[in-house]
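Enquirer: The structure under discussion is supplied below as structure tokens; questions concerning it will follow.
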Amino acid sequence: MLEISTEEKLKERIKELSCLYDISKTTSTNATCSESVLKEICEIVKIAWRFSNDSIVELKYNDFYFATSTLPKDTIFQTSPIFIFEKEAGFVKVHYPSDSDAFFLEEEEQQLLDKVALEIGNYIEKNHVREREKQLQRSVERIDRLSILGEITAGIAHELNTPLGNILGFAELINEQNIDRQVTQDVSKIINAAIYSREIVKKLMFFSCEMPQNMEIVSIKPIVVEALSLLGPNFKKAQVSYELIFDNPELKAQIDNIQLTQVLFNILINSIYVASENSSITVKVTDDASNFYIEIADEGSGIPEEIKSRIFEPFFTTKPIGEGSGLGLSVVHGIVKSHRGDIIALDNHPKGTIFQVRLPLNS
């Protein structure tokens, strides 16, 4: 390697400092880690090397890959690993074509590349932490909102129960003593409306965890199989198939049998509703030392990100008027919460939604 003068070394040093300054400026003004930011960093690094016209910068981080130009078959290069939370997640390399006259300033440029890799790793880590904080904040806000709604709905349910019981009781009494056909028809409408209203109240009480529970140690597979069997006509009508995957067919847990069936029904009915013809719904049950998990994955249109935080709220629905009360998933949330579990909605790939329910094996 040729010796370079002190003046040239000084020029290279200035380029190195400028490189680190420009990278710091780029990352500080772009809070969100994006492909464009990583590409810009590569272009900044390219200029910092002595033979910048010949240099090619290559960056790989997880699924992201970029090179400032097409790499020739044979190159000489310097490389430095990128660490994210102390785990190697990629690398940054600077190449020269093997047939060029370019050469590396081995010690100085390698040190610079190590600093660049460290800056990239820190930038990605900060972005991960920031995103995690946002998710936690959204989760806390949703829990607070659902807690308040739970208190409100519990109060509404209790207030409505007594008058609805009176309406139903007196309507049935009138029906027994009445001999007029028109009155009988009118009273029947009152009875049906009262029964429907009581079902709504029952769902509200499910949501607010006010329903009594009968917790027993039971086998989980028969409950899931029976729910799928009972919904057989729904699957057939929608021309949708299903697949059941059970990692442990002998799995047992302490739950309320009827309420778990309610959870399965409500999620599956939603999944069938959004599923396209000839698609499939997968029901997967797994477990670990403390919990068991039910995943119901459909191939529907998915849930838009902007409404994901609202899907468990009572009366929130995207269905047309008359096709849904908006209480199905809120009931599921209430039951799961009362079992000290949790439920989340994830994106299915390439399309659709996965509802994942976690329930303790022993409540």
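The values are calculated or read from the model by the stated rules, or taken from the named source; none is laboratory data. Since this is a predicted model, take the numbers as computed values, not measurements. Glycine also receives a Cβ, built like all others from the backbone with ideal geometry; neighbour counts cover every protein chain displayed. These area figures cover heavy atoms from the full protein model, side chains too; ligands, DNA and RNA do not enter into them. Shrake-Rupley method; radii C 1.70, N 1.55, O 1.52, S 1.80 Å.
Enquirer: Order of 172-178, 262-268, 219-225 by packing, highest average Cβ count within 10 Å first?
Expert: 262-268, 219-225, 172-178
Enquirer: Can you send over the carbon and sulfur percentage of the accessible area for the range 216-360, probe radius 1.4 Å, protein chains only?
Expert: Of all accessible area on the range 216-360, carbon and sulfur atoms account for 51 percent.
Enquirer: Separate question: Restricting to Cα atoms and excluding each atom paired with itself, what does the Kirkwood estimate give for the range 216-360 in Å?
Expert: 15.5
Enquirer: Rounded to the nearest whole Å², what accessible area per residue is found for the range 216-360 with the 1.4 Å probe?
Expert: 49
Enquirer: Determine the percent antiparallel among the DSSP beta bridges restricted to the range 216-360, to the nearest 5.
Expert: In the range 216-360, DSSP labels about 80 percent of beta bridges as antiparallel.
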